[in-house]
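Let me begin by presenting the structure, written as structure tokens, before commenting on it.
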């Protein structure tokens, strides 16, 4: 067929665009190798090589031999968004999944989701123990600094380093985070290069980070750090600028970024996810066809179809409200906070007699008798988990205020990390401990999930202290209203406060383990 | 819109390649055979009014306009008609008149117009077969109506390679100004605006000097951007108004500088269009030139005159590289052909699938979504192109395909959509 006009073409090619992104990623690669050394090289080689061969594999299947280089770039971006603790084979699996996801949709240009981010999502599901390592407080590894700020307290981190040093590390990249996303200066170099080459739209990081900043300023004392410490910066330059999965009109693109900012903020604030970048990007990707449909440009000599914008805004509002409802929905009926008789039998045997229950500080105490003698107390309580969902447990305390037995009845902790509290092995460790027990990270914590166990320990400690106060003068004096006078109670409270001060890092939100 | 540029949205900056911008207009020597077609304009083909064997004189009318949407055809030389045959031009049936030149240059004298009225001038323009010489070949007499307020003179010439208008403005400045004056006084127009792109510095200088004494004519320098020479884009740039179909809507008329020159010559000397300035350029041409060529000159003769580097039978392009079309060596020059290009070995990158980068959307001067046309054309949903994405607004400037990093054949999709969409409606 004879080619019709135009007979000249710009020297833009897809390969060239990909090459430009590759060059822009170089500073990040260099920084990652500088800080993480061999680990970074292993991860990057793992993702890039696997992506490359997966691409070739799929191209052979699809009989399409045009190399655009997008596979290698997707692999590189995926590698840079993984934490340094990821083994190379995990990174490689991520690369395979990322590229396959692209070809399952029909190849470059037809994929709905950003391949790198989809690969990362799969890794988060398959290998949470590597991808969720957030709480190594000594600062050697972790997926992001952001969760530390979210859960660990900013003052502690800055206090350790001193403010100037903290910000210097932040800019240079000497901090927790995925290997590529930590250095602000490297990302900025890439951004400048891409904008200079007109490869990306210059406004993308400004809109995305601006949205995150504005939303965080409502809830956070330091919204700037919330904006800068997660993967948001890296995503805003290299991930959201992926042409395939973003809208094509400028208005649509702006709308997409704002929506993504809202998603990221929502996921970060409302779910157990440490940072919401992955979910936020994928959620916004899902909205792209709708955004494209409703944000056309104004056609020459025609008026702008404002009705389409109204429709788009209504649809997205519904999506946001629906998502908010789905995330925050709690079915209270699933776990009735009653006596678990199986556990009770396990702790105290059968034929126990109940006294009146005492409710103190959100915990329910059931003093128990057997054959007229005090045998201990059965306590039902809950503790704050890693995310928003609480951990329900019951506890048996003997007459000497020591733990007689403990069972986690309901928890929603991260699979293979925080949820190790459910193991009877761990639970049995607590038998015999009293309120003076000091938390031992090596014994009681899990690699990658110290927060959960630490928090539980705090809650147990509080229960034991209250138990000591309630049953100080023996069980016989119990009249069912709680034996403590006001003054006594305040003394105990102060003691608890003191205890908090000793271990500042543990104090997340000042509430401790009490349920609201 | 939301992101306004100084004149209109979108547009591209094709590589300039102004090989011929300083080359003076040369007159091409006469050739023995001329092939004149009856469809050199938008509209209905003219009716042939001569027979094989007739002798014709130069400037003699050989094709009569059929109805209003048509233009007359005149003989470029004196000689004998040796053949009239049916040909297909742009998928439409027309006739080709072959004239053998006898080199006698016998001229068919016409009466000069003495006192102009709008009506008389319009009739004269129609009689002389003047069409828009910028490339669109819209019959000029349809544009010239009463109640015109603004005359817009199009000296933009935004297509790369082409310099026909540029050279006309440099070398025939006074004639153009005279032409503008005639038009403005006849139609009692309030103002005239000349739009020239900044890259034609010499033309701007000459025109500025020439219009000094006329307060009602104004010259507007415009940034160099394609497709500013389009009628809608030029009016938007100069008057900040958007027209739906024709400039009549706002009481304006847009005329190419070449057209104005033709009107001036027609009015003063009574000569119809039998000659035009053509840029012969491109990497495949040995001596790129701006030539004054008689209409109907076979392409082969033109190329032989300038010299071509290699066998380029399939690389000859009529008009500009952005909106032109391929033409064989056997073809002949026509009224709208402002350039003959022989492009060098242009390596087109491999065709890939659309990556939805939105560059075509950014450059579309009409605010359309070209990538959607490609998607729908692949699915065969041609009617949807018009219904949802207002395909009929497309000016076919080719900017989208030029900028596309994946070499998606967007223009093909657009032409298919226009054609098939129309068919399905019937």
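Please treat every number below as a calculation from the coordinates, not as lab data. A quick note: this is a predicted structure, and the numbers were derived from the prediction, not measured. Here the Cβ positions follow ideal geometry from the backbone for every residue, glycine too, while neighbour counts run over all protein chains shown.
Springs between alpha-carbon atoms under 10 Å, Gaussian network over chain B: tell me which of B:403, B:204, B:73 tops the mean-square fluctuations.
Maximum among the listed residues: B:403.
Fewest to most neighbouring Cβ within 10 Å: what's the order for A:68, A:356?
A:356, A:68
For labels at residue B:304 and residue A:63 in the simple 7 Å Cα→Cβ model, what's the distance in nm?
So the two model labels end up 4.8 nm from each other.
Provide A:130, B:161, A:386, A:329 in ascending order of the number of other Cβ atoms located within 10 Å of each residue's Cβ, fewest first.
A:329, A:130, A:386, B:161
Multiplying the sequence separation of residue B:241 and residue B:84 by 0.36 nm and subtracting their Cα-Cα distance, what value in nm do you get?
Contour length minus Cα-Cα distance gives 51.9 nm.
How crowded by other chains is B:386-393, given as the mean number of beta carbons from other chains within 10 Å of each beta carbon?
2
Mind running the shape call on segment B:270-426? Use the C-alpha gyration tensor, a ≥ b ≥ c as the square roots of the eigenvalues: rounded below 1.5 for a/c, prolate if a/b tops b/c, oblate otherwise.
prolate
Per-residue counts of other Cβ atoms within 10 Å, averaged by peptide: what ranking do you get for A:303-312, B:146-155, highest first?
So the peptides A:303-312, B:146-155, ranked by packing, come out B:146-155, A:303-312.
From the P(r) of segment A:160-259, could you give the percentage of C-alpha pairs in the tail past 15 Å?
Above the 15 Å cut-off, segment A:160-259 has 64 percent of its Cα pairs.
Going by how many other Cβ atoms sit within 10 Å of their own, how do A:344, B:39 line up, fewest first?
A:344, B:39
Assuming a ≥ b ≥ c are the square roots of the Cα gyration tensor eigenvalues, decide whether segment A:238-309 counts as rounded (a/c under 1.5), prolate (otherwise, with a/b larger than b/c) or oblate.
Prolate, since a/c reaches 1.5 and a/b exceeds b/c.
Can you give the helix-only mean residue ellipticity at 222 nm for the protein assembly as shown, where every DSSP H stretch with n ≥ 4 adds -39500 (n - 2.57) and the sum goes over all residues, rounded to the nearest 500 deg cm²/dmol?
-12500 deg cm²/dmol
For segment B:130-220, what is the Kirkwood hydrodynamic radius in Å, using each pair of distinct C-alpha atoms?
Radius from the Kirkwood sum: 13.7 Å.
Among A:245-252, B:50-57, B:262-269, how do they line up by average Cβ neighbours within 10 Å per residue, starting with the highest?
A:245-252, B:262-269, B:50-57
Within 10 Å of each Cβ of B:396-408, how many other protein chain Cβ atoms are there on average?
That works out to 5 on average.
Give the whole-number value, in cubic angstrom per residue, of the convex hull volume spanned by the C-alpha atoms of the protein assembly as shown.
204
Could you check which residue among B:336, B:251, B:179 shows the biggest mean-square fluctuation in a GNM of chain B with a 10 Å Cα cutoff?
B:251
Where a ≥ b ≥ c are the square roots of the eigenvalues of the C-alpha gyration tensor, would you call segment B:359-425 rounded, which needs a/c under 1.5, or, failing that, prolate if a/b is larger than b/c, or oblate?
prolate
Give me P(r) over chain B, computed from all C-alpha to C-alpha distances, binned every 10 Å, as integer percentages.
5, 21, 31, 28, 13, 2, 0
Between B:396, B:58, B:240, find the one with the highest GNM mean-square fluctuation for chain B; connect C-alpha pairs within less than 10 Å.
Looking only at B:396, B:58, B:240, the largest GNM fluctuation is found for B:240.
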